[in-house]
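The values are calculated or read from the model by the stated rules, or taken from the named source; none is laboratory data. From a predicted model like this one, the values you see are computed outputs, not experimental measurements. Counting neighbours? That spans all protein chains shown, and the Cβs are built from the backbone with ideal geometry, glycine included. Surface accessibility is based on the protein's heavy atoms, side chains included, excluding ligands, DNA and RNA. Shrake-Rupley method; radii C 1.70, N 1.55, O 1.52, S 1.80 Å.
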Amino acid sequence: MAAGILFGLFLAALIWIVSRNPSGEAVTLRPAPTERPVIVHITGAVPRPGVYALPEGSRVQDANAGAGGFLAEAERTNINLAAFLIDGEKLDIPFVEGGSPVFPTPGENNPVLPGSSSSTELIDINTASSAELETLPGIGPTTAQKIIEYRQTNGAFVSIEDIINVSGIGPGLYERIKDLITVGP
């Protein structure tokens with residue numbers, strides 16, 4: 001009979017433990033935090049001034065590369081390319097003393113860009129060497145070779161938009177280089 005009472009108490013304790021409300025807070029799953037981009041405004045002696053969104057931890061050299069690099073008239077000596085970017089920062093790339101932007105004459109394949117200079121020559125994708133093509137943002141040795149092979153196989157590019165037909169060049173890359181290329185006169 002004592003065993004029956006002990007078993008009854010054990011069973012009652014077990015039911016009480018299982019049926020009581022849990023203590024503490026429920027676990028909530030939250031989405032992983034996403035990094036906010038650093039938004040910077042770059043102006044002055046660059047081919048494509050504007051507002052750029054870059055990953056957190058980006059440096060001045062990354063913003064400069066996104067804007068197409070330096071123009072020939074850029075004063076580079078006092079620019080710290082290794083400095084971290086600050087959200088909302090404005091980077092003004094100065095011109096060499098006495099230099100100022102000179103706007104090219106607009107043409108069908110040579111649009112006027114604020115901040116661009118007439119001494120910044122467009123790269124003719126029909127005649128450019130591999131080394132010249134590699135100066136374009138996003139074009140490395142492999143893509144430069146694909147451009148050369150494409151024009152050897154298919155003939156000259158008729159318009160700058162035809163470069164999208166080259167394997168490895170999509171709309172995003174085209175947008176980055178369209179203001180830096182031409183198909184000649």
**Karplus-derived HN-Hα couplings along the range 31-39 (A = 6.51, B = -1.76, C = 1.60, θ = phi - 60°), whole Hz, x at Gly and Pro** = x, 4, x, 9, 6, 7, x, 8, 9
**Asked** How much accessible area does VAL183 have with a 1.4 Å probe, in Å² rounded to the nearest 10?
**Response** 20 Å²
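Which sequence of LEU6, LEU11, LEU71 reflects their accessible areas, 1.4 Å probe, from the largest down?
Listed by decreasing accessible area, they come as LEU6, LEU11, LEU71.
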**Complete:** When every protein chain stays in place and a 1.4 Å probe is rolled, LEU54, LEU29 sorted by accessible area with the largest first are LEU29, LEU54
**Request:** May I ask for log10 I(q)/I(0) of the chain at q = 0.08, 0.09, 0.14, 0.17 Å⁻¹, from a Debye sum over the Cα atoms as equal point scatterers with solvent left out?
**Result:** -0.41, -0.47, -0.89, -1.13
**Request:** Whole number please: convex hull volume per residue, Cα atoms of the range 1-89, in Å³.
**Result:** 146 Å³
**Prompt:** Of all DSSP beta bridges in the chain, what percent run antiparallel (nearest 5)?
**Reply:** 55 percent
**Complete:** Around ASP87 (Cβ within 13 Å, Cβ-to-Cβ, excluding ASP87; K/R +1, D/E -1) the net charge comes to -1
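Rounded, prolate or oblate, given the Cα gyration tensor of the range 124-185, with a/c below 1.5 counting as rounded?
Judged from the Cα gyration tensor, the range 124-185 comes out rounded (a/c under 1.5).
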**Item:** Spin-label pair ASP92/GLU25, simplified geometry with 7 Å Cα→Cβ offset, distance in nm
**Value:** 4.8 nm
**Request:** Sketch the reach of a paramagnetic label on ALA53 as a point 7 Å from Cα along Cα-to-Cβ, and name the residues of the range 158-183 whose backbone nitrogen lies under 19 Å away.
**Result:** 171-176
**Message:** Loop by DSSP (not H, G, I, E, B), at most 13 other beta-carbon atoms within 10 Å: where is the longest site-free stretch of the chain for trypsin sites (Lys or Arg not before Pro)?
**Reply:** 77-185
